[in-house]
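Structure first, commentary second.
The values are calculated or read from the model by the stated rules, or taken from the named source; none is laboratory data. As the structure is a prediction and not an experimental result, all values here were calculated from the model. Here the Cβ positions follow ideal geometry from the backbone for every residue, glycine too, while neighbour counts run over all protein chains shown. Heavy atoms of the whole protein, side chains included, go into the accessibility calculation; ligands, DNA and RNA do not. Shrake-Rupley method; radii C 1.70, N 1.55, O 1.52, S 1.80 Å.
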Amino acid sequence: MSNWKTILPESLTDNPFQLIGKEWMLVTAKKGDQVNTMTASWGGVGIMWGKPVAFIVIRPQRYTKTMIDASDTLSLSFFTEEYRDALKYCGSVSGRQEDKIKHCGLTVEEVDHTPVFKEARMNLVCKKLYAQPMEKEFVLDPAIPTAWYPDEDYHTLYIVEIQNVLLSE
């Protein structure tokens, strides 16, 4: 098991726009004995229902979504730039076809029954609080469906409570 320093979510100093939108994250969940991950660059952090939360969005065809839907928890993992190729790979290859975690040489560990990555500089261990499929009728900007959903494969929005923040030591 790695050496992790645990901090409170309120102690995070990373800029979420940089962290999620530019550096990207791996969203990882477990179903039975199977773990899968995917790269994401959309999402955010904040407070909801008096809790520190993150929100992520997952398209219905993503294999990782089946893992997320089957589990109560998931992790959001952030890496240094040296892992950029691994994140690109995990965002372009489906876990249905191969073990992309193994292909990238990443090491899965479990914290609170949730898969995290030993190589990550930061792992957020999260508990699902809310899931809602997005629908075209609720998108207020008419340019969004045309630009982002030409196949009408609207994301599912997940709000997850950040239960642990693990920093690599």
- Given (1) outside any helix (DSSP H, G or I); (2) without any contact (Cβ under 8 Å) to a residue 12 or more places away in the chain, where does E109 come up short, assuming only one miss? (2)
- Message: If I filter the range 58-68 down to residues being under 13 Å from the mean Cα position of the chain (by Cα) and touching a residue at least 60 places away in the same chain (Cβ under 8 Å), which single residue comes out as surrounded by the fewest Cβ atoms within 10 Å (Cβ to Cβ)?
- Response: R59
- Message: The conditions are (1) outside any helix (DSSP H, G or I); (2) of a type outside the set (A, V, I, L, M, F, W, C); (3) under 14 Å from the mean Cα position of the chain (by Cα), and S94 fails exactly one of them. Which is it?
- Response: (3)
- Filter result for the condition that a residue is among the polar types (S, T, N, Q), touching a helix residue (DSSP H, G or I) at 6+ places or on another chain (Cβ under 7 Å) and under 23 Å from H155 (Cα atoms), over S94, S75: S94
- Message: Looking at the range 72-87, can you tell me whether even one residue there is within 30 Å of P145 (Cβ to Cβ), among the hydroxyl-bearing types (S, T, Y) and open to solvent by less than 10 Å² (accessible area, probe 1.4 Å)?
- Response: no
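Kindly provide the set of residues from the range 1-43 that are among the small types (G, A, S), part of a strand (DSSP E or B) and on the phi < 0 side of the Ramachandran plot, ordered by number.
Hits for the range 1-43 are A29, A40.
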- Filter the range 50-87 down to residues that are assigned to a strand (DSSP E or B) and of a type in the set (G, A, S), then give me how many there are. 3
- If we keep only residues of the range 86-119 that are among the polar types (S, T, N, Q) and at pLDDT 95 or above, then the residue farthest from V165 (Cα to Cα) is T107
- Item | In the range 125-146, the residues that are open to solvent by less than 70 Å² (accessible area, probe 1.4 Å), part of a strand (DSSP E or B) and without any contact (Cβ under 8 Å) to a residue 60 or more places away in the chain | V125
- Pick from F55, F17: which is free of Cβ contacts under 8 Å to residues at least 24 places away in the same chain, within 21 Å of Y158 (Cβ to Cβ) and under 15 Å from the mean Cα position of the chain (by Cα)? F17
- Conditions (1) β-branched (V, I, T); (2) open to solvent by less than 60 Å² (accessible area, probe 1.4 Å); (3) not in a helix (DSSP H, G or I); number of the one not met by I47: (2)
- Query: Given the structure, is K30 surrounded by 20 or more Cβ atoms within 10 Å (Cβ to Cβ), closer than 14 Å to V125 by Cβ and touching a residue at least 12 places away in the same chain (Cβ under 8 Å)?
  - Reply: yes
